[in-house]
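Below: one structure, written as structure tokens.
The values are calculated or read from the model by the stated rules, or taken from the named source; none is laboratory data. All figures in this text were calculated on a predicted structure; none of them were measured in a lab. Note: ideal-geometry Cβ built from the backbone for every residue, glycine included; neighbour counts use all protein chains shown. In case anyone asks, the SASA skips ligands and DNA or RNA and just uses the protein heavy atoms, side chains included. Shrake-Rupley method; radii C 1.70, N 1.55, O 1.52, S 1.80 Å.
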Amino acid sequence: TLEPEDNFPLMRIDVAQVLPSVIVTRDIQKASLNEGEIATIGVRVRNIAPLGATPISNISINEDWWKDMTEFEFEDGETNRTLGFLAPQGQFTLVYRLRVTSSDKEEILVPSNLISYSYSVQDEVVTDEVNINELALVLNDISPVINIFASAEKSNPSILGSIPVNLTIQNNGNGHATN
């Protein structure tokens with residue numbers, strides 16, 4: 001708010017809020033598994049918006065892709081959670097473990113999934129979704145398993161600014177990958 005003076009009237013200027021930027025990444029340390037081994041899967045949710053930006057709320061994660069599969073049995077951890085609040089630069093990780101129950105040699109693609117969340121903009125609640133990445137697994141084989149993750153550390157650059165995006169390529173299988 002600018003106070004009135006001789007040269008200008010009282011003015012109020014509304015400044016746009018900095019909106020949240022949410023990144024969700026699903027990963028696994030070892031993606032080539034044999035019967036009886038445990039797959040530890042993590043789902044990391046990050047609000048990479050700068051401090052002072054709008055927080056997010058009602059983040060709903062439901063990792064049930066494995067429930068109708070005979071290849072896995074739930075071991076422990078948490079596969080579903082609704083988190084009430086995540087501040088800018090905040091993050092949390094949901095971790096669960098599955099035991100491989102199959103002796104069949106096969107490749108499994110953990111499907112992409114949507115994570116819903118909401119935030120407030122000028123007293124209005126906006127519901128949004130963010131996509132979680134696919135994840136490749138190989139059972140009872142010594143193949144390479146390539147998973148690629150894209151991530152950024154911050155959001156909301158200045159006008160004509162840029163944001164570095166990191167691409168991480170992991171071979172978390174047992175075989176050698178080339179090219």
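What's the extension gain from residue 85 to residue 40 if we count 0.36 nm per residue and subtract their Cα-Cα distance?
Separation in residues times 0.36 nm, less the Cα-Cα distance, equals 13.7 nm.
Sort the following peptides by mean Cβ neighbour count (other Cβ atoms within 10 Å, averaged over residues), highest first: 162-169, 73-80.
Per-residue Cβ counts within 10 Å, averaged per peptide and sorted highest first, yield 73-80, 162-169.
Given (1) 42; (2) 24; (3) 30 as candidate values of percent of Cα pairs over 27 Å apart, which corresponds to the one derived from the coordinates?
Answer label, from the structure shown: (1).
Using the beta-carbon distance between residue 118 and residue 73 and R0 = 30 Å, what value does 1/(1 + (r/R0)^6) give for FRET efficiency, to the nearest 0.05?
0.30
Give me the percent of the accessible area of the stretch 95-135 that comes from carbon and sulfur atoms, probe 1.4 Å, all protein chains in place.
41 percent
Could you provide, to the nearest whole Å², the per residue accessible area of the chain with probe 1.4 Å?
Details: 10840 Å² over 179 residues.
With all protein chains present, the chain gives 61 Å² per residue.
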